[in-house]
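Visitor: Here you go, one structure.
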Amino acid sequence: MPRQGNRRHSPRVELYQRLVAAIDDGTFPPGARLPPEPELATRLGVSRPALREVLILLQEDGVITRRQGAGSTVNQPPPAPGLERLLPVEELLGGSGVRCRRLAEEDEEPTDFSGHHLRLAPSARTRFWETAVDTDGATGCFAHEWAADPAGLRAVDPALTEALRPAPDAPPTTMLAAFLAAAPGLPLHARSTLGATVLGKERGHAVSRPPETPALLLTQTVAASGRPVLAAKYLFPGGSPLLHMAHRR
């Protein structure tokens, strides 16, 4: 779940945006296989290493699936029910006995992921939370969550902006849980994608597991009245408790 260094003004981010736009406009529809890397790099006018790096990011963000020897395939959009209206991670992992630990909380420039999914201008600032969600003494999820810019949140509901500045003695939660608690009557809907990945060196070290440990990646964009308010990546290490999928409202 790389986060640092993916600034929207970089060539890598521009290439990321070009490929996402080609998927959105139907050039590469869901289920389609992308051209082989040499051909695609030539069509886009970029080097193969640069293209490969962006394809890895797209896979981590749940946009495509890459298989050795089979190339890259555009993922199908999720069905309307089920994952479209997820509960917060705390409830997905069982609710009782779940504890959150805040690992990072800061204002930052948009990354390729947050900038695209939240429709942020390059000069915008976004609030970022990294949270470990523990259950039964083990980490069941690493949550990376970005909020829309303050003006966008206030336009939806001022309570969302306040939710990003919890009281010092308030127990940590995920950002989605904070939004739902702050504006319980606000209809929030999500677009979600599930994909397979690995834990990686940093997260593996945090939970004393090998970097190549399989993991489930849930990417999610939460919106109210068509306006995105939150973008997230939830990484569930292999062996995490069963996720409880349910509708909300």
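Visitor: Tell me, which helices (runs of 4 or more DSSP H) lie completely within segment 136-220 with 3 or more residues that are farther than 25 Å from ARG66 by Cβ and among the aliphatic types (A, V, I, L, M)? Quick ask: steps written out before the conclusion?
Guide: Working: elements: 150-156, 158-163, 175-182, 201-206.
The helices (runs of 4 or more DSSP H) meeting that bar are 150-156, 158-163, 175-182.
Visitor: If you don't mind, there's one more thing I want to ask. Return the residues of segment 94-119 that are buried (at least 19 other Cβ atoms within 10 Å of the Cβ), without any contact (Cβ under 8 Å) to a residue 60 or more places away in the chain and not in a strand (DSSP E or B); say none if nothing qualifies. First the steps, then the outcome.
Guide: In the first step, residues of segment 94-119 are kept if they are buried (at least 19 other Cβ atoms within 10 Å of the Cβ); the result is 98, 100, 110-118.
In the following step, the residues that additionally are without any contact (Cβ under 8 Å) to a residue 60 or more places away in the chain were identified as 98.
Correct list: empty.
Visitor: Would you be able to say whether some residue in segment 5-21 is touching a strand residue (DSSP E or B) at 6+ places or on another chain (Cβ under 8 Å), at pLDDT 80 or above and part of a loop (DSSP other than H, G, I, E, B)? Give the derivation first.
Guide: We begin by selecting, within segment 5-21, every residue touching a strand residue (DSSP E or B) at 6+ places or on another chain (Cβ under 8 Å); these are 6-8, 13.
Remaining after also requiring at pLDDT 80 or above: none.
Checked against the condition, which is being touching a strand residue (DSSP E or B) at 6+ places or on another chain (Cβ under 8 Å), at pLDDT 80 or above and part of a loop (DSSP other than H, G, I, E, B), segment 5-21 yields no hits at all.
Visitor: Select from segment 92-116 the residues that are farther than 14 Å from PRO172 by Cα and of a type in the set (D, E, K, R) and list them in ascending order.
Guide: Hits for segment 92-116 are GLU106, ASP107, GLU108, GLU109, ASP112.
Visitor: Now for a separate question. Which residue is nearest to ASP112 (Cα to Cα), if the candidates are limited to segment 22-50 and must be in contact with a strand residue (DSSP E or B) (Cβ under 6 Å, 6 or more places away or on another chain) and at pLDDT below 90? Spell out the reasoning first.
Guide: To start, the set of residues in segment 22-50 that are in contact with a strand residue (DSSP E or B) (Cβ under 6 Å, 6 or more places away or on another chain) comprises 23, 28, 30, 32-34.
Those still in the list that are at pLDDT below 90 too: 23, 30.
Values: ILE23: 16, PRO30: 21 Å.
Only one residue tops the list, namely ILE23.
Visitor: Taking into account only those residues within segment 133-180 that are touching a residue at least 60 places away in the same chain (Cβ under 8 Å) and among the polar types (S, T, N, Q), which is nearest to ASP61 (Cα to Cα)?
Guide: First pass over segment 133-180, keeping only residues touching a residue at least 60 places away in the same chain (Cβ under 8 Å): 135-136, 138-148, 152-153, 155-157, 160, 171-174, 176-177, 180.
So of that shortlist, the ones also among the polar types (S, T, N, Q) come out as 135, 139, 173-174.
On the way: THR135: 25, THR139: 21, THR173: 23, THR174: 19 Å.
So, considering only residues that are touching a residue at least 60 places away in the same chain (Cβ under 8 Å) and among the polar types (S, T, N, Q), the one nearest to ASP61 (Cα to Cα) is THR174.
Visitor: Provide a single number: the residues in segment 166-219 that are of a type in the set (Gly, Ala, Ser) and surrounded by fewer than 17 Cβ atoms within 10 Å (Cβ to Cβ). Show your work before the answer.
Guide: Residues of segment 166-219 of a type in the set (Gly, Ala, Ser): 167, 170, 177-178, 181-183, 185, 190, 192, 195-196, 200, 204, 206, 208, 215.
Filter once more, keeping what is surrounded by fewer than 17 Cβ atoms within 10 Å (Cβ to Cβ): 167, 170, 181, 185, 196, 206, 208.
Residues that pass the stated criteria total 7.
Visitor: Condition first: part of a loop (DSSP other than H, G, I, E, B) and within 23 Å of GLN76 (Cβ to Cβ). Now tell me which residues in segment 23-53 satisfy that. Before the answer, list the steps.
Guide: As a first pass, look at segment 23-53 and keep what is part of a loop (DSSP other than H, G, I, E, B): 25-32, 34-36, 45-47.
Passing the criteria: ASP25, GLY26, THR27, PHE28, PRO29, PRO30, GLY31, ALA32, LEU34, PRO35, PRO36.
The values are calculated or read from the model by the stated rules, or taken from the named source; none is laboratory data. Note that this is a predicted model, so its numbers are computed, not measured. Note that each Cβ is placed from the backbone with ideal geometry, even for glycine, and that neighbours are counted across all protein chains shown.
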